[in-house]
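Working notes, structure below.
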Amino acid sequence: MRFRRVEYPVTTADTVTDPAAPSLPWWNRRGTWATGWLLAALWAAAFPVVSSLDTHRLWGTSAALGYAAAAAVSYGLPGPRARRAAVALALAGAVVVPLLFLVLTGRAQSEVDVIERSGRLLLEQGTPYLPHPRKVTDYTPYLPAMALLGIPKALVGDHGWAARLLGDARIWCAAVFLLCLHSARLTLRRPRSAATLTGPRARLPYGTAVAALIASPVVALPLCVSGVDLPLTGLCCLALAMAARGRPAAAGLTLAVVCSLKWTAWPAIAVVVLLLGHVAGRRAALRCAGTAVAGATLLILPSAVLSPGAMIQQVLAFPTGRGDLPTPAASPLPGRLLADLGPAGWYAAVGLLICGALAVAASLVHRPPAHLRAAADRLSIGLLVAFTLAPAGRFGYLALPLVLMGWARLADPREPVPSLTVRGARPERAAPAVPARRTYAATAFRTGGE
């Protein structure tokens, strides 16, 4: 009898399910996060050089330092803790520090002063519009509900740091935005029993992703210097979430509020109604549309009755470049460049804008959105067309559709995700195991003529 040493491969806990799959998804790699924060740092560092606004320069200096620190932490430290630390550094440098400094020192863009004055006028005369504006800052290009965000300033005044924090319109714009995102998340949250093996553990945590979105320049800059479009963005997200879950009354009330902030939010009615019609049926869609129109009318009508001329002049004529004074929204977008050519160019820009709106409307009728992500994309495309072809516009307006598209992908991910093991869960079908590189030696007895 002789002994022979034979080595057999033994499957261990180190086996992988798919040798062709990458070790980590792209969003979970250190290089991806470090590169993103580095690009944000370069973007922010350009503001102190090229911008003529004091608020933008201050934000750019602080944000560039925060983004650079986040890039260093993302690349230098491994693991989820490093990612959370990087997001915290970016939030501190791009949001917390500049926002507190600008609020406490009383520095802001003119939009903040306009909102706060509108709140004071709403309390005094029942309408947020000055009857005879003499300069650009006297115009209020917003619908009446925007003045509600300026009422705290009229109530608490401007004496002391506490009053400045509680009364600044940017704080309330940010509060509405964050509250809407949180409410939308609660609305979209699935029951625990509906979680799948490739669900929450297989993608980036929602809280970390939303924090990174808030810390990004797309949200951080307007949040610190003006904040005027953030409530509109948050309410649009909430309305889409309500429609995706088949809640017509809540979606209609949310649309009523958002459509009484700025007229640029009115396209959201069509998108939300069509999404709700696919999810809950025609009756629910009609109920949502009726609630939205009736609610917006109740919020807008009092100011329209008290100051119809001022409202038309400041809300419709002034933002489109047809007011008595030129609008400061003069970024070199295609619509603005056409409008600068004269009356013929202005009509050409309006014609292109109408054609773009009809094209988006035709796409909605031909293929209505069937889920949250499709609805957010369709609304974003419509807003991008409107802001690009409008006779007057700013690059900052494009942040609204960009945030909508980004948030929808965080709240409703539909792309394939890598399979991960969930503790305590039992997969329905296990993939064939691939032997690990390690082997264990086994001794076999051999008898006979060997």
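Each reported figure results from applying straightforward, stated rules to the coordinates on display, with no laboratory input. Bear in mind the structure is a predicted one, so any value in this text is a computation, not a measurement. Every residue, glycine among them, receives a Cβ derived from its backbone with ideal geometry; neighbour counts consider all protein chains shown.
Using R₀ = 35 Å, calculate the FRET efficiency as 1/(1 + (r/R₀)^6) where r is the Cβ-Cβ separation of Asp158 and Thr208; round to 0.05.
The computed FRET efficiency comes out at 0.45.
A simple spin-label model places the labels of Ala357 and Arg84 4.7 nm from each other, with each point 7 Å out along Cα-to-Cβ.
Order these peptides, 211-223, 280-292, by their mean beta-carbon neighbour count within 10 angstrom, highest first.
Values: 211-223: 23.1, 280-292: 18.2.
Taking the mean over residues of other Cβ atoms within 10 Å, the ranking is 211-223, 280-292.
The dipole here belongs to region 243-371: it is taken about the Cα centre, uses +1 on the Cβ of Lys and Arg and -1 on the Cβ of Asp and Glu, and is about 600 debye.
Think of region 283-384 as a dipole: +1 on every Lys or Arg Cβ, -1 on every Asp or Glu Cβ, centred on the Cα centre; then among Ala310, Thr297, Leu338, Thr297 lies furthest on the positive end. The peptide list 348-355, 66-73, 391-398, 224-231, put in order of mean Cβ contacts within 10 Å with the highest first, becomes 224-231, 66-73, 391-398, 348-355. Volume per residue for region 250-322 equals 73 cubic angstrom (convex hull of Cα atoms).
A simple spin-label model places pseudo-atoms 7 Å from Cα toward Cβ; at Ser331 and Arg282 they are separated by 4.1 nm.
Computed from the Cβ-Cβ distance with R0 of 41 Å, the FRET efficiency linking Gln125 to Thr61 stands at 0.50.
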